[in-house]
Amino acid sequence: MDELDYEQIVALHHENLYRFAFSLAGNADDAAELTQETYVRLLTKGRQLRDRTRVKTWLFTTLYRIFANWRRQATRFPQLEIVSVENELPSIIPEIADELDGESVMETALELEEHFRAPLVLYYLQSLTYREIAQVLDLPIGTVMSRLSRGKDILRNRMARRRVRGNTPKANIISPQQFIRSGGP
């Protein structure tokens, strides 16, 4: 699609396309974003359009599909107000998080059971993917994901308890490399 065709298409269909986007989105910002994304797709995929007489249908279909995809994502990943999900937030308050240091996290991690500690170390310190961790530990990928999730929860809870007890020692600093070489406690 050359530049002249693109400009003609935009001039011809922009107003109606925007109105359709506004009717779907219900606000000007999202309508403008939908319209703009539709034009981006026209620029990147417009050459796939074989029959130029169907460009209007293609534009409206594309815009609707973009909108439908946004809705699916909004359903899967809703944006919630913090007040409505306060009870689901981690037990570590900001003041505690500011005082956490790598040393106390590492010491607490060393106290974890090996089947939780190993995936955590491989993921966070060695930057391995879930699949790579599964291969290294000879585990199904679902088990790796479960142990990572559970291990993080246990670590978070133990860190919170440690902070409440005032048990955040500052001696015996251990680096991630020492942690890995030591194989834990």
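The values are calculated or read from the model by the stated rules, or taken from the named source; none is laboratory data. From a predicted model like this one, the values you see are computed outputs, not experimental measurements. Please note: Cβ atoms are built from the backbone with ideal geometry, for glycine as well, and neighbour counts cover all protein chains shown.
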Selection within the stretch 42-92 - in contact with a helix residue (DSSP H, G or I) (Cβ under 7 Å, 6 or more places away or on another chain), β-branched (Val, Ile, Thr) and under 17 Å from residue 21 (Cα atoms): 55, 62, 66
Residues being loosely packed, with under 15 Cβ neighbours inside 10 Å and in a loop (DSSP other than H, G, I, E, B) - total across the stretch 118-163: 5
Residues of the stretch 40-62 satisfying the condition of being more than 13 Å from residue 13 (Cβ to Cβ) and charged (D, E, K, R): 41, 45, 47, 50, 51
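Collect the residues in the stretch 157-171 that are modelled with pLDDT of 55 or more, more than 16 Å from residue 116 (Cα to Cα) and touching a Ser or Thr at 6+ places or on another chain (Cβ under 8 Å), keeping them in residue-number order. First the steps, then the outcome.
Let us first name the residues in the stretch 157-171 that are modelled with pLDDT of 55 or more, namely 157-166.
Add one more test, that the residue is more than 16 Å from residue 116 (Cα to Cα), and what stays is 160-166.
Listed by number, the residues that qualify are 160, 162.
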Pairs, first not assigned by TED's automatic domain parsing to the domain that holds residue 7 and of a type outside the set (A, V, I, L, M) in the stretch 43-72, second surrounded by fewer than 18 Cβ atoms within 10 Å (Cβ to Cβ) and not in a helix (DSSP H, G or I), C-beta under 9 Å, six or more apart: none
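Let's see how each residue does on (1) surrounded by 10 or more Cβ atoms within 10 Å (Cβ to Cβ); (2) modelled with pLDDT under 70; (3) small (Gly, Ala, Ser); (4) closer than 23 Å to residue 153 by Cα:
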residue	(1), (2), (3), (4)
65	yes, no, no, no
70	yes, no, no, no
91	yes, yes, yes, yes
94	no, yes, no, yes
98	no, yes, no, yes
105	yes, no, no, yes
109	yes, no, yes, yes
112	yes, no, no, yes
116	yes, no, no, yes
Some residue of the stretch 19-35 being in contact with a helix residue (DSSP H, G or I) (Cβ under 6 Å, 6 or more places away or on another chain), assigned to a helix (DSSP H, G or I) and basic (Lys, Arg): no
Residue that is at pLDDT below 55 and assigned by TED's automatic domain parsing to the domain that holds residue 108, where the choices are 154, 174, 141: 174
